[in-house]
Amino acid sequence: MSSINELKEDLGFVAGAVRRSEERLPASIFVLWAILVPIGFALADINGDWCGFYWFFVGPAGGVLSWRMGRTAEQKAGQRDVQLGRRYAMHWAISGLAFLMVGLTFGSVRVDWHATIPVFMLVSALAYSLAGVHLHRSFLPAGLIMFAGYFALTLLPLSYIWTTTGLIVSAALLTGALRNRMAA
């Protein structure tokens, strides 16, 4: 009987270690985007022509840098989950496609760009909230704050709406970074 109890204890130890080793996202990814987003969004208020160029280069470069940061953290932790990596890639690629489609929609018709920013916030809120449900809980606070930002952008008369949006997204991302650090 004692060997069965020892086996149960050993399995319990292993199960506990696996539960405690939940994948941690590097906070640096959240911080990277918390810096890049408000700069790009503020450009829309300051000089809209530069905004497109900024996102054309910074968006993909930030994506590659985020992937690299995640990959490095995964290697340091001695973890490698190819399927999870594919889910992350698919999630953010589809989210990027949604942003592109929203941009194309509003770019193809005459709409005041200031009136479209809540839609971008809504897509961001949905992308981050679903990432928080399906990928990692650290994304969820950011998504929920972005939903609150959506309501603020649609209901309040705000000046510098793009800059305000960038600051809301930045605050949301920093919240995700803090939540991720505290969960460790």
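Observations on the model:
- For the peptides 79-89, 126-136, 164-174, 140-150, the ranking by mean Cβ contacts within 10 Å, running from highest to lowest, is 164-174, 140-150, 126-136, 79-89.
- Spin-label pair M101-I39: with each label point 7 Å from Cα along the Cα-Cβ axis, the two points sit 3.0 nm from one another.
- Going by neighbour counts of Cβ atoms within 10 Å, the residues I94, I29 line up, fewest first, as I94, I29.
- Extended-chain gain in nm, criterion 0.36 nm per residue less alpha-carbon gap, L158 and R86: 22.0 nm
- Rg/Rg_ref, segment 84-148, where Rg_ref = 2.2 N^0.38 Å and atoms are Cα: 1.21
- Membrane-span-like helices in the chain (whole DSSP H runs, Cα extent of at least 15 Å along the helix axis, mean Kyte-Doolittle hydropathy of at least 1.0): 27-46, 113-134, 139-155.
- Cβ-Cβ FRET estimate between F56 and A148, R0 fixed at 22 Å, reported to 0.05: 0.15
- Computed [θ] at 222 nm, helices only, for the chain once each DSSP H run of length n ≥ 4 contributes -39500 (n - 2.57): -30000 deg cm²/dmol
- Projected label distance in nm at L178 and D49, using a 7 Å step from Cα toward the beta-carbon: 4.0 nm
- Along each principal axis, Cα extent of the chain, largest first, Å: 77, 31, 24
- Inter-site label distance for L130 and I94 at 7 Å from Cα along Cβ, in nm: 0.5 nm
- Ranking of T72, T175 by neighbouring Cβ atoms within 10 Å, starting from the fewest: T72, T175.
Quick note: the coordinates plus some simple rules give every number you see, no bench work behind them. It should be emphasised that the depicted structure is a prediction, and the values quoted were computed from it without experimental measurement. We place every Cβ from the backbone using ideal geometry, glycine too, and count neighbours over all the protein chains shown.
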